[in-house]
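The values are calculated or read from the model by the stated rules, or taken from the named source; none is laboratory data. Everything numeric in this text was worked out from a predicted model, so none of it was measured. Note that we place each Cβ from the backbone using ideal geometry, even for glycine, and neighbour counts take in every protein chain shown. These area figures cover heavy atoms from the full protein model, side chains too; ligands, DNA and RNA do not enter into them. Shrake-Rupley method; radii C 1.70, N 1.55, O 1.52, S 1.80 Å.
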Amino acid sequence: MYPRCLIVDRMRGIFHDVIDLIRTLTHQRVIHMRLSQYFIPTLKEIPAEAVIPSHQLMLRSGMIRGLSSGIYSLLPLGYRVWKKVQQIIREEMDGIGGMELHLPALNPKEIWEETNRVEAFGDTMFHIKNRDLVLAPTHEEIITHIAQAFVHSYRDMPQIWYQIQTKFRNEPRPKSGVIRSRQFLMKDAYSLDNSWEGLDENYQKHYDAYCRIYDRCGLDYFVVGASSGAMGGTGSQEFMVESDAGEDLCAFNMESGYAANIEVASSQIPAVARLDENPDAEKFDTPNAKAIDDLVEQFGIPEERCAKALVYFADDVPWLIFMSGNDQLNEAKLQTALKANLIRPAQDEELLALTGANAGSIGPINLKTKLPQLADRRLEHANGMVSGANVNGFHFKNIDLDRDADIKEYVDLRTVLEGEPDPIKGLPLKVKKAIEVGHIFKLGTKYSEALKANFLDDKGEEHPIIMGSYGIGVERIVACHIEQRHDKDGICWHPSIAPFQIQITGIKVEGDNVREHAEKIFADLEGEGYEVLYDDRTGVSPGFKFKDADLLGMPINVIVGEKNLKDGNVEVKIRKSGDRKIVPVADVVATCRDLLDELMAS
RNA sequence: CGGGGUGUAGCGUAGCCCGGUAUCGCGCCUGCUUUGGGAGCAGGAGGUCGUCGGUUCAAAUCCGGCCACCCCGACCA
C-alpha cells in the first residue's frame, strides 16, 4: 500500500502521461501534413510519355508513378484522392442497400470455362503460368457461384452485393495514363432478383446512385444507351464524360433527349427507294472499280444505289452482309444481330475461296459458295442496285435484292453519322468523343443459367436468378475530374475529392512572426476538422511555393507572409477562380469555411 | 497483331547523317547571399549511352538480333 501522497503523485504522473500521449499523437498527425515531410515528388517538366492533361498532371503533382505499360503506383497524394472517391461510392452504394464484400482476384480457370468466357476474353485475360488460375477481369462468375450456393428461395431476394476491387485486364494497348490500364480499381455491384420487375427496380436504384456519385465527385457527365456486347443481357446504359481523350463515340441531340453510344445509335436516314422499272440484272465491265467511290466516279451511279458486300465470320460461320453505298458497318450491331460471341472480317484468301472474287467485286449473284445473307434495313426491297459479280473486274447492275439475293433479314447495321436525323424528333445528331466512367447492365439470366444458380418461387417452381451488373471505374473518375478541372498551372480540385481542402503557403517561414501565425492557422483549421497541407519548407522561394500550390491544386490556398501580416492580414486564394481575399488573421477559419461551403455546392 | 517513333544522369535534352570515351537546362549535395510567382554565385556528386552480338586500331554514332516505352490503327465485359 502506497502512502496517500504517493498515490496522488502517481495519478498525477498517469495524467501527465496521457497528456503527453495526446500531444505526441497530435504532433505526429500534424507533422505528416507538412510539405517538408510529406512525400510529394513534383515535376517541373512534363514527362515525355504523358500525352493527355490528366496523365501529365498526375505525374507532375506526384500522385502516381508509372511502373510498366498500363501499371501504376499510387503515391500518397494520389491515394488520398482514390480513397475519397471510393468513400463516396461506398456511401451511395450503402444508401441503396448494397452490401460490401470482397472477392478474390485469383480465380480457378474452370469456373470461367463454364460460362465460355475464357474464350470470350481471349488474350485480355491474364493466365497464371504454373497453376490453372486466372486473374479476374470482372466478377460475374464468382458472384453467381456464391448465389448458386446460398440463394435458393424467392424469399432470399432482392440482394445487392458490391465490392471495390482490383481488376486485371491485359489490354492490347494501354494508353492515356490510368484511363486504360492493365490493373485498375473497379466498383462492381451485382443485383439478384426473383422477378424482372425487381431487376428494373434495382437497375433504377443504381442509376440514381450513380448520378449522385458523379455529382458529388464534381463531374460533368451524361448518360447514353449502350450495347450489351458479349456480356449478354437485355439493356444497358453508360455514364459518359465528354473528352478528346475518350475512346467511345456518342451520338446525341440535347433537344430531343436522344443519346446513345455509337455502337447502338440509330437515325431516321431514309431507305433506298424502290424503282418502278425493274429490268433483269446485267453484268458489266468494271476493270478499275474497287471501291464504291470508283463506281460513283467512273459510271455515275448514285452512291446509295451501290450495294456494298462484305463477308464476316460469326463464330466461324461466314455471312454475306450488304450495306448501302459508303455506309459503315457497325460491328457491335452485327454481333448483336447474329448473336455471336466473336465476329471478324474475312481475310483475302477466304474471300476468294468463298465468293470467287476479292474485296470490291463481291455481290449476291454467282457466289462460289452459298452464304447466309444479311442486309442493312436501308436496303429493304431495294432494286436497281449495283454490286460485285464475284469475278474480279465485273459488277452487275439492275439488281433487285428481293429477286436476285437471298437475304434472311434486314436489320439496322450502319454506323450513324453526324447531322443525320435522330430517332426521336428527327433533329440533327451530334457526335462527340467520351470516356466511359460507369456502366449499368440488366444481365438477366445468362450467368445464373450457365452456373445453375436457381431459386424456387412461391409456387415451388424453379427459375434462374435474375441478375444485374453495375460497374464504376475509380481511376477514370479521378482522371476525368482532372481532365475537366485543370488550367495551364495545374489541377483545380473540387473539395469533395481534393487530397486536402486547404493548403497553407508560408512565405519566409524562417521568420518567427510568419511561422507562428502559420502554425496557429494550421492548428485552428485542423481543429475545425479540415484537411490541411502546410507548406512549411524553408529555403524555398515564394514563387516556387506558389507554383507548387497551383500544380497540386487544393481548392483554397491560405498565404501567410510578412507583406499582409504587418497589417494583421493573410491572403486567401481560391484555386479555380483565382480570386484573392485579404482577411484578418482572426477571420481565416470562418472565411475558409464559407468559401469551402460555396465551392462544395458548385 | 499491323504501321510509325523513341531509348544518352531523377526529369527534359544535344551529339548519331559524317566513328576518336558524352552536351546543355532542371533537379540533387556543400557553402555564402537571396525571398510575393519555379532566385544568384562558387564548389561538388551522379552515366555499363536500353540490351546482346558484329564491323573497326577505336562504336552513343555503322550493321544485325532482342527488350522496353510512346503514338496511329485493329482490339476493348
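The condition of being open to solvent by less than 10 Å² (accessible area, probe 1.4 Å) and farther than 21 Å from A:Arg180 by Cα holds for only one of A:Met99, A:Met93, A:Met157, A:Met125, that being A:Met93. Note on the stretch A:57-90: residues that are buried (at least 20 other Cβ atoms within 10 Å of the Cβ), over 18 Å from the mean Cα position of the chain (by Cα) and of a type outside the set (Val, Ile, Thr) amount to 8. All of (1) part of a loop (DSSP other than H, G, I, E, B); (2) assigned by TED's automatic domain parsing to the domain that holds A:Ser181; (3) on the phi < 0 side of the Ramachandran plot hold for A:Gly97 with one exception: (3). Residue check: A:Tyr203 meets all listed conditions (1) assigned to a helix (DSSP H, G or I); (2) touching an Asp or Glu at 6+ places or on another chain (Cβ under 8 Å); (3) within 16 Å of RNA strand B (Cβ to nearest atom) but one, namely (2). Of the helices (runs of 4 or more DSSP H) lying entirely inside the stretch A:496-602, those containing at least 3 residues that are open to solvent by less than 60 Å² (accessible area, probe 1.4 Å) span A:512-527, A:542-552, A:588-601.
Within the stretch A:322-329, none of the residues are open to solvent by 20 Å² or more (accessible area, probe 1.4 Å), closer than 15 Å to A:Arg377 by Cα and of a type in the set (Asp, Glu).
Filter the stretch A:539-563 down to the residues that are within 8 Å of RNA strand B (Cβ to nearest atom) and in contact with a helix residue (DSSP H, G or I) (Cβ under 9 Å, 6 or more places away or on another chain) and list them by number. Correct list: A:Val540, A:Leu551, A:Asn557, A:Ile559, A:Val560, A:Gly561, A:Glu562.
Can you name every residue in the stretch A:172-199 that is surrounded by 16 or more Cβ atoms within 10 Å (Cβ to Cβ) and of a type in the set (Asp, Glu)? Those that are surrounded by 16 or more Cβ atoms within 10 Å (Cβ to Cβ) and of a type in the set (Asp, Glu): A:Asp188, A:Asp193. Among the residues here, A:Leu57 qualifies as within 11 Å of RNA strand B (Cβ to nearest atom) and touching a His at 6+ places or on another chain (Cβ under 8 Å). Summed over the stretch A:127-174, the residues that are touching a Leu at 6+ places or on another chain (Cβ under 8 Å), away from RNA strand B (no atom under 16 Å from the Cβ) and either of a type in the set (Lys, Arg) or assigned to a loop (DSSP other than H, G, I, E, B) (or both) give a count of 5.
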